[in-house]
Amino acid sequence: FFLGEKEAPFKRITTYQKCIRTNDLENVGRTPRHQTFFEMLGNFSFGDYFKEEAILFAWEFITEELKIPKERLWISVFQDDDESIKIWNEKAGVALDRIVRMGADSNFWSAGPTGSCGPCSEIYVDLGKDVGCREPDCKVGCDCDRFLEIWNLVFTEYNRLEDGSLEPLPKKNIDTGMGLERITSVIQNVESNFET
């Protein structure tokens, strides 16, 4: 659908995917947030809405429906994505000091070595100063468990070719993923996915 090879049955879709972890299996059992099997909630746009709507839909759901306090939330964006920073700051009202620019290794999502891809923006919950490394300069991007990523908003707008170059897709798309177990642990205020 993203590549434009087939027409999606709907322009807007929500999903509930049962997933088996493969790319970071070594983390299962070592962290409070990695499981062999997990369930991913998602919303997709196939050439319909794009960055602004995806960001505002996510922010409204997290802060108004789930009632997670805004002061606990942090945002990461792809380092070159000034547009998303502007939307998070000016439209969603997130302070600039709570928006962190990160590199392609964490904030540029790809389906594989070739194919659909694009910059992404992630929503994190600060679990508190008593969690993780406890260093005063700890922030999103630290390897400790203080900041829990709960939702990844992927702005799928490119096709990566065999030579590594990026070509624009025929339409700009949205692909998001929120871990059911992770968001449940936050809502239930427990320290681990395994305690939900």
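Of note:
- Set side by side, the residues 83, 64, 52, 122 differ, and just one is without any contact (Cβ under 8 Å) to a residue 12 or more places away in the chain and charged (D, E, K, R), which is 64.
- Verdict on residue 90 being open to solvent by 20 Å² or more (accessible area, probe 1.4 Å), closer than 30 Å to residue 5 by Cα, of a type outside the set (Gly, Ala, Ser) and not in a loop (DSSP other than H, G, I, E, B): no
- Residue check for residue 143: modelled with pLDDT under 95 and either in a strand (DSSP E or B) or open to solvent by 50 Å² or more (accessible area, probe 1.4 Å) (or both): yes
- Qualifying residue in segment 171-179 (condition: of a type in the set (Gly, Ala, Ser), within 22 Å of residue 41 (Cα to Cα) and more than 16 Å from the chain's Cα centre (by Cα)): no
- Hits in segment 170-180 (condition: at pLDDT 95 or above, of a type outside the set (A, V, I, L, M, F, W, C) and open to solvent by less than 30 Å² (accessible area, probe 1.4 Å)): 173, 175, 176, 177
- For segment 107-131, the set of residues classified as farther than 24 Å from residue 67 by Cα, in a loop (DSSP other than H, G, I, E, B) and open to solvent by less than 40 Å² (accessible area, probe 1.4 Å) consists of 112 only.
- Output for segment 23-47, where each listed residue is closer than 22 Å to residue 160 by Cα and at pLDDT below 85: 23
- If you go through segment 3-56 and keep only what is open to solvent by less than 50 Å² (accessible area, probe 1.4 Å), of a type in the set (Val, Ile, Thr) and not in a strand (DSSP E or B), you end up with 28, 31, 55.
The values are calculated or read from the model by the stated rules, or taken from the named source; none is laboratory data. What you are looking at is a predicted structure, and each value in this text was computed from that prediction instead of being measured. Methodologically, a virtual Cβ is constructed for each residue, glycine included, from the backbone with ideal geometry; neighbour enumeration extends over all protein chains shown. Please note that ligands, DNA and RNA were not included when accessible areas were found on the heavy atoms of the full protein model with its side chains. Shrake-Rupley method; radii C 1.70, N 1.55, O 1.52, S 1.80 Å.
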